[in-house]
Each structure stands twice: as C-alpha cells, then as structure tokens.
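There's a structure below that I have some questions on.
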Amino acid sequence: MNQTIAPGNPATVSALAAQTGGIDAGHFVETEIDEQLFRFNSDDTPLMNLMLRAKRVKVNSPEVDHYMIDEPIASMKTTAQVGNSSQTQVILPLEPNQQNIARPYSTLLVHGVDGYTPDGQDRTPGKWLMLFVLDHDTTTGNPVVRSINGPRINPADEFTTVPKIPAGTTLTILANSLYETQKEVDPDIIVPQPSRVYLQKRGMNQVVSDYFESQKKRLPFSKAVIAEQAIANFKVRGNRTLWAGRPGKFKVNVPKMGMQYIYTTEGLRWQFKRELQHSGRWTVERIIGLAKMFFTGEDVPKTALLLAGKNLLEQIQCIDYSSHPEIQITTKENAMGWTVTNFHTVFGDIEIKREPTLDRLGWSNSGALIGEDRLVHYVYSAEHSFSDRVGGEEATRNGILIWDAVALKGSCHIWIDGEGIAGTDATILMWDRQETPAADEAGNHFYLLCDCPSMSPDAKMGQIWTGVRTVVGSGSDRQEIVKWQRVE
C-alpha cells in the first residue's frame, strides 16, 4: 500500500509525486496551457487564403493543361547576322518557335538599327529601321522581309535595300499593312504552350472515442477545440505544399480497391518564370527597379503583393529612405483584410506582408512578388466535411477532403531569391558596378543600377542585359567569348 510520505523522505512535491503516482501519468504538477495554441490564425497561411480568393476554375480531371501566358508575343530576336547594302529582300533568321508568328503583310520594328531618309542616302540616327514581311521561305520556314526605310543604291530605285542586322537584334511586331483592295489576311497563329498541373487530394481526419467525449477532463478540451487545432494544422501543412510541393503521379495498391493513382501538385515556388537573385543590402533604387520590372512588362497586373520571409521583410524595413523624400511608406488594410506595409512608387504600389511558411521552408531571405489577380484555383472536388461512425468501434470520425491546385497566370510574377539557389533559367541580378560581370555569369540577366560602358556603350541604367557565349576562331585559335546583348 502506498504511503503519503515514505519514512525518511522529505515532504516535497517531487517526493509526493513519486509515492502517490501523481496525476496525469506520474506528474504531480499540471502544466500551464497556452490557449493561443488552439486559436486558428489565418495570417499563418497567406498563400492558401490568397488561393481561396483567386479565380476558381472547376475541372473534370485531376490533370489540367494550364496556360500560364495570356499575352501574345510582342517581340522576337534574330539568331544570325543578315542583310547588306545590295539585297532588297532577305530571309530573317529566327528561332523555330517564332518563325510563323510574323505573317505576310506584317511590319516589324528593328531595334538599334537606324533607318534612312526617303531618298535612301542618309541615315536617321535613333529612327529605327522597319521591315515588311513578304512571305515565308519554303526551305527554312523563316519570314522573307523587305525594308521600308532602308538605304537606296539610287534615289530613284523602287525598293530600298536591307542594311546589316546583327545577331540578337530585337524585332517588335507591329500592325499589318494591307494593299488598297485587300480584305483577307492570314489569321494570327496563337498556339500557347500549356504546362501540366496535377491537383492534389488532401484530407484531414479526427477520431474521438465516445469514452473520451464523455469524460470530464481537467483540460478544457472539447470537440470544437480539437477540430480547430486539427484544421489549423491541416491548413499550415497544405500551405507548405502550395509553396514547395513537387509534381508527381504514381500508383498505389489499395486493399479491396486495386491500383489507384496518387497526384502531388507543384508548389508556386517552382512555377515562376522570372527570378531575381539578390545579395547585399536592399536600397530604394533596388526596390524601384523591382517595381519597374514587375509593372512594365507585357503582362501588367493591377496590384503587387510581396509575400516575404522574415529576413527579407527586416531588410526592406531597414532601408534608408532619407535621400528619397518622395517615397511613401504607409500601413494599410488591403482587399484581403490583411494589415500590410504599402511601398508607393511611380510604377505602382507594392504591398508587403510576412509569410511565415517561407521561414519554415528555409527561405527567410526570399519572397514572392505576385499579382493578386493573376492566380488560378483549380478545383476537382470542392472542400467538404464528413462525420462517420468508425466501423466496429465506439468512436466517430470527422474529416475534411479537398482536391485542388493553385497556378500562376501571366508573366509578371517574380521570385526574389536570397538563399543563393537558382530555380529557373530566367535569373535576374541587380548590377551596380561599371565593370562587366565575370564570363562565368553569362546567361544571367542583369538589371543595371548604373551605366555599364565596359559592357556596351549603350548599356544604360534601368536596362536589362545578358551575356551570350560565342565561339570564335578554330583549331588552336579557337576561343569562347561573351557578347553582351540588351534584353529589353
């Protein structure tokens, strides 16, 4: 028989717990309960809440062909040098996937190549050359073009010749130009390339025995409290999946049901087509450059929401704004009902909010600049709850099931990577030095925060440039050089 105090032992809490068996499996002292633990906090899952407010598309399959880019292609680039002072028409060398975009009777503006006066004798600096598409070459598939404002061998010549157009030259697609009685033209070739999106089925179960529910417990547990915490945990884990999940499709053998497919969805982190690699301190100039890249592309969103890790948020908050009194930093409640930091620029406002999930994933220095109106919520099975008796047991099973995915729409979104791990080929770096980047960095895109004459005399602040590796010479003289080209 247990004694309250064993002979020779002091009357302490520890001694009493050891002799009496204590309460709660041998513990004498009841621990304090953090009531906040059981309160569901929607701010802990911003991406999921953003998804639930996004455009909802109900689908009939867990596999969806998703078309990310809504905007048509506005420009192309030449792949080789073309043109000389004697050719009145040339075959324009383009990438295979761009050859059919410029249809006959289209006009193209040639960036950086000067046009000529009407008599074709003198150049017009800064007034660029324009091309007219005649047809497509049957052998290469490239468009055959003629210059509209090129040089003329003789002022009285009917047609102008095509001046030299360097490799990598940007061509902007303008409107077509028809002859006086023409009414039929080729239809625009619009064949967007889809990406396959898998919808992931997620579920949460909670089993409460009849005995548990009937007990008067020392802690204020109830079905509602347990369910609230279970749902919070379900949403937090789901939010991590929406950020970092990897796509997959595989079969499992289910007892009594046979082989069935399981799908895993791709997280938003891996869907970005543009990625800003950032290191060092953030400055006002870098934030403005980020806003410029976001708001001035082909796809212009209405709003910009930056979901940031804690370190990125701290760095932006600690920027020295004293030299930029025109910059406005305010706190406001946005359309989502969140309290955000609003960064006002001439290009548009950036709303900044902390995303705790990025910290849990190890991306505290990173963030996602998202257009709120450029998200799609694919739903195969709407979220629904159920309550069933457990077969053969005195217990009730409650649960939630959802089968969905979130996907980016448009090309405005930018992932800001501060961890030094690139996830896409379209990597952008902020460049604030006048010397040219190292050769091994060729292939990246550089947003210039100052003029960079060593890169090119035309490399000016606010532009984006990239390095293209080119092999010159042969044999023992063969070497690889980097040619710098403007991206936009």
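Counting just the residues of region 433-488 that are in a loop (DSSP other than H, G, I, E, B) and within 22 Å of the chain's Cα centre (by Cα), which one comes out surrounded by the most Cβ atoms within 10 Å (Cβ to Cβ)? First the steps, then the outcome.
Of all residues in region 433-488, those in a loop (DSSP other than H, G, I, E, B) come to 433-438, 443, 449-463, 473-474, 478, 487-488.
Okay, now just the ones that are also within 22 Å of the chain's Cα centre (by Cα), so 443, 462-463, 487-488.
Details: GLY443: 12, GLY462: 14, GLN463: 17, VAL487: 15, GLU488: 13.
Checked region 433-488; the qualifying residue surrounded by the most Cβ atoms within 10 Å (Cβ to Cβ) is GLN463.
One residue is enough: does region 125-133 have a residue meeting the conditions assigned to a loop (DSSP other than H, G, I, E, B) and either open to solvent by 40 Å² or more (accessible area, probe 1.4 Å) or over 30 Å from ASN60 (Cβ atoms) (or both)?
No, there is no match, as no residue in region 125-133 is assigned to a loop (DSSP other than H, G, I, E, B) and either open to solvent by 40 Å² or more (accessible area, probe 1.4 Å) or over 30 Å from ASN60 (Cβ atoms) (or both).
Does any residue of region 245-259 turn out to be within 21 Å of GLY367 (Cβ to Cβ), surrounded by 17 or more Cβ atoms within 10 Å (Cβ to Cβ) and modelled with pLDDT of 90 or more?
yes
Within region 58-95, how many residues turn out to be out of contact with any Lys or Arg (no Cβ under 8 Å at 6 or more places or on another chain), over 26 Å from ILE173 (Cβ atoms) and open to solvent by less than 40 Å² (accessible area, probe 1.4 Å)?
Total meeting the criteria: 1.
Here's another thing I want to ask about it. Given the conditions (1) in contact with a Gly (Cβ under 9 Å, 6 or more places away or on another chain); (2) crowded, with 21+ Cβ neighbours inside 10 Å; (3) of a type in the set (Val, Ile, Thr), report the number of the one that VAL300 does not fulfil.
(2)
Among the numbered criteria (1) touching a residue at least 40 places away in the same chain (Cβ under 8 Å); (2) more than 23 Å from ALA80 (Cβ to Cβ), which one does ALA442 miss?
Single failed check for ALA442: (2).
Here is a follow-up. Which condition breaks for ARG146 when tested against (1) part of a loop (DSSP other than H, G, I, E, B); (2) among the basic types (Lys, Arg); (3) at pLDDT 90 or above?
If we test ARG146 against (1) part of a loop (DSSP other than H, G, I, E, B); (2) among the basic types (Lys, Arg); (3) at pLDDT 90 or above, just (1) comes out false.
Which fully enclosed strands (runs of 3 or more DSSP E) of region 153-230 have 1 or more residues being open to solvent by 70 Å² or more (accessible area, probe 1.4 Å) and modelled with pLDDT under 85? Explain how you work it out, then say what you get.
Numbers: elements: 170-176, 195-198, 200-209.
Because the criterion is at least 1 residues that are open to solvent by 70 Å² or more (accessible area, probe 1.4 Å) and modelled with pLDDT under 85, the strands (runs of 3 or more DSSP E) in region 153-230 that meet it are 200-209.
Just one of LEU307, LEU361, LEU290 is more than 30 Å from MET76 (Cα to Cα), open to solvent by less than 50 Å² (accessible area, probe 1.4 Å), touching a residue at least 40 places away in the same chain (Cβ under 8 Å) and not hydroxyl-bearing (Ser, Thr, Tyr); which is it?
LEU307
To keep it simple, each residue is scored yes or no on (1) more than 27 Å from GLY297 (Cα to Cα); (2) within 32 Å of the chain's Cα centre (by Cα).
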site: PRO96; (1), (2): no, yes
site: GLN99; (1), (2): no, yes
site: ARG103; (1), (2): no, yes
site: THR107; (1), (2): no, no
site: GLY112; (1), (2): no, yes
site: ASP119; (1), (2): yes, no
site: MET130; (1), (2): no, no
site: VAL133; (1), (2): no, no
site: PRO155; (1), (2): yes, no
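Same structure, new question: Output yes when any residue across region 287-309 is assigned to a helix (DSSP H, G or I) and more than 15 Å from ASP349 (Cα to Cα), and no when none is.
No, region 287-309 has no match at all.
Just to check your reading of the model, which residue among GLU326, GLU314 is surrounded by fewer than 19 Cβ atoms within 10 Å (Cβ to Cβ), in a helix (DSSP H, G or I) and at negative phi?
On the way: GLU326 fails: in a helix (DSSP H, G or I).
Of the residues listed, the single one that is surrounded by fewer than 19 Cβ atoms within 10 Å (Cβ to Cβ), in a helix (DSSP H, G or I) and at negative phi is GLU314.
At least 3 residues that are more than 19 Å from GLY141 (Cα to Cα) in each: list the strands (runs of 3 or more DSSP E) lying fully within region 51-95 that qualify.
By residue number, 55-58, 63-66.
Between residues in region 402-421 that are of a type in the set (Lys, Arg) and residues that are open to solvent by 10 Å² or more (accessible area, probe 1.4 Å) and not in a strand (DSSP E or B), which pairs lie under 7 Å by C-beta distance while being six or more apart or on different chains?
LYS409/MET68; LYS409/ASP70; LYS409/ARG374
The values are calculated or read from the model by the stated rules, or taken from the named source; none is laboratory data. Please read all numbers here as calculations on a predicted model, not as lab measurements. Cβ coordinates were reconstructed from backbone atoms using ideal geometry, including for glycine residues, and neighbour counts include every protein chain displayed. Keep in mind that these areas ignore ligands, DNA and RNA; they rest on the heavy atoms of the full protein, side chains included. Shrake-Rupley method; radii C 1.70, N 1.55, O 1.52, S 1.80 Å.
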